[in-house]
Amino acid sequence: FFNKEGDFNNLTSAAYHKKTHLLVTGFASGVFHLHELPDFNLIHSLSISDQRIASISINCTGDWIAFGCSGLGQLLVWEWQSESYVLKQQGHFNSMVSLAYSPDGQYIVTGGEDGKVKVWNTSSSFCFVTFTEHTSGVTAVTFTSTGYVILSASLDGTVRAFDLHRYRNFRTFTSPRPSQFSCLAVDSSGEIVSAGSQDSFEIFIWSMQSGRLLDVLSGHEGPISSLSFNPMKCVLASASWDKTVKLWDMLDSWRTKETLIMSSDVLVVAFRPDGKELAVAALNGQITFWDHENAVQTGSIEGRHDLQMGRKELDKITAKQAAKGKSFTTLCYSADGQSVLAGGLSKFVCIYNVKEQILMKKFEISCNHSLDAMEVCEHKRGFFHSPTPTRLCFQYNISLNVIQECDMSYRHFKPEIRVTCVRFSPTGRSWAATTTEGLLIYSLDSGLIFDPFDLDIDVTPSNIHKSLRQKEYTMAIIMAFKLNEKKLIQEVVEAVPSTEVDVVCSSLPDLYVEKLLEFLASAFESSCHLEFYLIWAHKLLMLHGQKLKTR
């Protein structure tokens, strides 16, 4: 039908609503059409994007239509009868590079390679304002201590200040000669703004109040990779690829107070929240801790092996060998200063205890194998005999007896898994990371949602354990589902002997059969007790399958 019309080719997605006979079609040009079937009457047509519409979904009543445009990271929900947007969200359409929490932990600001600065609400996960003033990639973002001003540094040679009351760019800081800014820091009063340059190896200091350039700090012999203000004193730490960390004293007219010599190029520097310790991550994969007052190193962590780099598709060496050249590229202290969070060109984020200098936990940020560098261990057999990836691609066409050379500009692109920035929330209850998969927030609070079902006063964890000891398995399962705590349900189900499963299944009320099946479905994904859970599923479906079918 669409090919016949001529104009509407390149159909990319479609959805049909049975009750209302509504057909929604999306096209490569970003246009969508609403038709009524079976007569194909065109109800509505609208252009919502300049990129292809990748997916469409209609809600159960047929009033709302959701559209996804993967090219720009757009999500739109459209009410077609009133012709209005219910929801409109768009992410960064290139990778995010940096993030910062607001002082109260309610908001997160992110900067991306697309030049956008976005502010997100941590509780609703929605972006509520986007600033598009930068003309090149944003390299660093931060909040001031008041929480109402956002600062961002960019490769376009500007540092911009945004007002969260009126949503406007009220200050733009620039250098005398155009410089690409790679890092940014603001002091605890919010009055002094500093940015490091990639090309001139200088640090620029501006006044927030007047917008004037106060000073240019020179002394580094390589690009400035990171800046951090001491939260308690007027001291600025700067890290550079020249293997040094310099401490500048603001009160002593920005003289170099101390120079810490490292064994490798320095990538990140961060002060502890109480300002008494400095953490430094270098190119050799080491994280070192310094007492900056006395210029003494107090400890170090060899973190290279914890990164556990994956092998990329075209790598000619194993992941283990590749890891030797890997390091942490982002680092921050926890709110209490007892641990440090680190990430880099890997799918892992590591939390270390500073005092003990040991790895406490490793978070795997993705299981998505369509990303590059996800495979950690790989078989070597046949590995060295693979054809070189740089060879020209020829295609032999038998019918024409000619050799056609493939278009070398047409490349298969696979994004590489990486963590570009990690930050701890000032509340100490969560931390966030910008990754290839987007902005991820890990929290201590989200798992504590207490959502009981049909609860009464006798349903308590101790009574559940008592029922288990008395071998009243059916009772224990029903009580566990009433409390609706996943860990407890798992404990009770796994405590039932496999010989008793048949008896328990036959005596379970219908309502709990469905709940148990839902639990089993999620358990199959992660549990190692496959056969045990299969017995459960088999018995439940054999005994209750007919009833479930009729419903």
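The values are calculated or read from the model by the stated rules, or taken from the named source; none is laboratory data. Note that the coordinates shown come from a computational prediction; the quantities given were computed from them, not determined experimentally. Cβ: placed from backbone, ideal geometry, glycine included. Neighbour counts: every protein chain shown. Just the protein is used for accessible areas: all its heavy atoms, side chains included, with ligands, DNA and RNA removed. Shrake-Rupley method; radii C 1.70, N 1.55, O 1.52, S 1.80 Å.
Observations on the model:
- Residue tally, condition over 16 Å from Asp291 (Cβ atoms) and of a type in the set (A, V, I, L, M), over segment 228-278: 7
- Summed over segment 143-173, residues that are open to solvent by less than 30 Å² (accessible area, probe 1.4 Å), of a type outside the set (Asp, Glu) and part of a strand (DSSP E or B) total 12.
- Residue check for Ser498: of a type in the set (Ser, Thr, Tyr), touching a Phe, Trp or Tyr at 6+ places or on another chain (Cβ under 7 Å), more than 21 Å from Asp454 (Cα to Cα) and in contact (Cβ under 8 Å) with a residue 12 or more places away in the chain: yes
- Among strands (runs of 3 or more DSSP E) entirely within segment 239-290, having at least 1 residues that are of a type in the set (D, E, K, R) singles out 244-249, 255-261.
- Residues of segment 120-158 that turn out to be farther than 15 Å from Ala100 by Cα and in contact with a Pro (Cβ under 8 Å, 6 or more places away or on another chain), as a count: 1
- Count of segment 313-336 residues which are modelled with pLDDT under 75 and open to solvent by less than 20 Å² (accessible area, probe 1.4 Å): 3
- Among the residues making up segment 421-447, those that are under 16 Å from Pro273 (Cα atoms), of a type outside the set (S, T, N, Q) and open to solvent by less than 20 Å² (accessible area, probe 1.4 Å) are Val422, Trp431.
- Scanning segment 181-197 for residues that are without any contact (Cβ under 8 Å) to a residue 40 or more places away in the chain and in a loop (DSSP other than H, G, I, E, B) yields a single hit, Glu191.
- Any chance Thr132 is farther than 23 Å from Trp431 by Cβ and surrounded by fewer than 20 Cβ atoms within 10 Å (Cβ to Cβ): yes
- Any strands (runs of 3 or more DSSP E) falling wholly within segment 1-103 and containing at least 3 residues that are in the same structural domain as Lys118 (by the TED database) and open to solvent by less than 40 Å² (accessible area, probe 1.4 Å): 96-101
- Residue within segment 192-213 that is at pLDDT 95 or above, among the aliphatic types (A, V, I, L, M) and open to solvent by 30 Å² or more (accessible area, probe 1.4 Å) present: yes
- Here Asp50, Asp104, Asp39 are screened, and the one residue that is modelled with pLDDT under 90 and either more than 26 Å from Gly137 (Cα to Cα) or among the β-branched types (Val, Ile, Thr) (or both) is Asp39.
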